[in-house]
Amino acid sequence: MSFGGTFRKTRLSVLLSAIAREVKSQLSRANDNNTEIVLYGLIYWFRVWDHKYRLKYSDQMNKWLDYIMVDIYSTVMDCGPLLFLLNTLYSGRYIPDIDHFN
């Protein structure tokens, strides 16, 4: 955060890479099926966002992401870093520099 209460925006590609690393880390530490299901649900959300919306903003996808974030909060241990990254995505505080996953 910079002075004046404004947020510095990161590139979407960087944000997605950070989210992928955090999800991979969470999956390696998952100790129950519920945690895995929620994290794989998040991965599925990204696939739909990529294929149907080409990584563009959509109210429907944002509502779906909100529900997933609630599930992550209630299911995943040490979810703070992942929720911070997802909230950045949810709030649109990024610079769209890609329109499709590689």
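The values are calculated or read from the model by the stated rules, or taken from the named source; none is laboratory data. Not measured: the values here are computed from a predicted model. No Cβ is skipped: glycine too gets one built from the backbone with ideal geometry, and neighbour counts run over all protein chains shown.
Observations
- Some residue of the stretch 53-60 being farther than 21 Å from Phe101 by Cα, assigned to a helix (DSSP H, G or I) and in contact with a Phe, Trp or Tyr (Cβ under 9 Å, 6 or more places away or on another chain): no
- Of the candidates Ile37, Ile43, Ile72, Ile98, the single residue that is outside any helix (DSSP H, G or I) and either over 19 Å from Thr10 (Cβ atoms) or more than 10 Å from the chain's Cα centre (by Cα) (or both) is Ile98.
- Count of the stretch 14-61 residues, restricted to those that are modelled with pLDDT of 95 or more and of a type in the set (Ser, Thr, Tyr), is 6.
- Test result for Asp78, out of contact with any Phe, Trp or Tyr (no Cβ under 7 Å at 6 or more places or on another chain) and surrounded by fewer than 11 Cβ atoms within 10 Å (Cβ to Cβ): yes
- Test: residue in the stretch 1-12 that is at pLDDT 95 or above, among the aromatic types (Phe, Trp, Tyr) and farther than 17 Å from Gly80 by Cα: no
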